[in-house]
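Read-outs: derived from the displayed coordinates by stated rules, not from any lab. Because the structure is a prediction, the values reported are computed rather than measured. For neighbour counting, all protein chains shown are included, and Cβ atoms are generated from backbone atoms with ideal geometry for every residue, glycine included.
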Amino acid sequence: MDIRQLTLGDILNHIAYPDPSWGGGSAGALAGAMALALLDKINAIHGLERDETKSLALLALAEQETTSYAQILAAKSDPAAKRVQIRSSLMLSARIARTCLDEALAAAGRLGQTQPILRADLIVALHMFYVAASSAVVNIRVNKSLFGEAFDFTDLEGDLKRLANHIQKWTESP
């Protein structure tokens, strides 16, 4: 399935369907892709170069996320294959989180240069990045015990807390 060919209604129906394949990780990655689209809009209004490839890349990660859990379930009778699928899923969540955190922290540097009327859009994009990264970190936190060995993601958790603190500060300042 090509996620780019789905309507928003189709995506919402997939997420609402009682199947684990479209869950919080997919929804979070979609939020990150929407945040990147907002950044593209802000850049275009400011006459800066747009980079649609980033939002499309995050959309591709969202699409991979939709099948990640199904692959774990399919490998349930083979412990070695299941372990490989779990690790792959954890790594995918880590990529989503890292992409969103990096983009959010880079975009935050533009707050002072953003036209006041667009500042709200930029802060909304930062919130969406936070939601996307947070959902990926939650997936890691909840599922890492299934992997059976250490999976270190403290750098993601630290950057997530740092982003949350920045967002609070940016939201409160004029």
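Here are a few things to note about the model shown:
- Residues considered: S93, S88. Of these, the only one that is surrounded by fewer than 16 Cβ atoms within 10 Å (Cβ to Cβ), touching a residue at least 12 places away in the same chain (Cβ under 8 Å) and among the polar types (S, T, N, Q) is S88.
- Hits in the range 63-85 - residues which are out of contact with any His (no Cβ under 8 Å at 6 or more places or on another chain) and under 15 Å from A136 (Cβ atoms): E63, Q64, E65, S68, Y69
- Filter result for E103 (assigned to a loop (DSSP other than H, G, I, E, B) and either over 24 Å from D19 (Cβ atoms) or in contact with an Asp or Glu (Cβ under 7 Å, 6 or more places away or on another chain) (or both)): no
- The range 1-79 holds no helices (runs of 4 or more DSSP H) entirely within its bounds that carry 3 or more residues that are surrounded by 18 or more Cβ atoms within 10 Å (Cβ to Cβ), over 18 Å from the mean Cα position of the chain (by Cα) and not charged (D, E, K, R).
- Residue match in the range 112-121 (condition: among the basic types (K, R) and surrounded by 13 or more Cβ atoms within 10 Å (Cβ to Cβ)): yes
- Of all the numbered requirements in (1) among the hydrophobic types (A, V, I, L, M, F, W, C); (2) farther than 30 Å from G47 by Cβ; (3) surrounded by 13 or more Cβ atoms within 10 Å (Cβ to Cβ), L101 misses one, and that requirement is (2).
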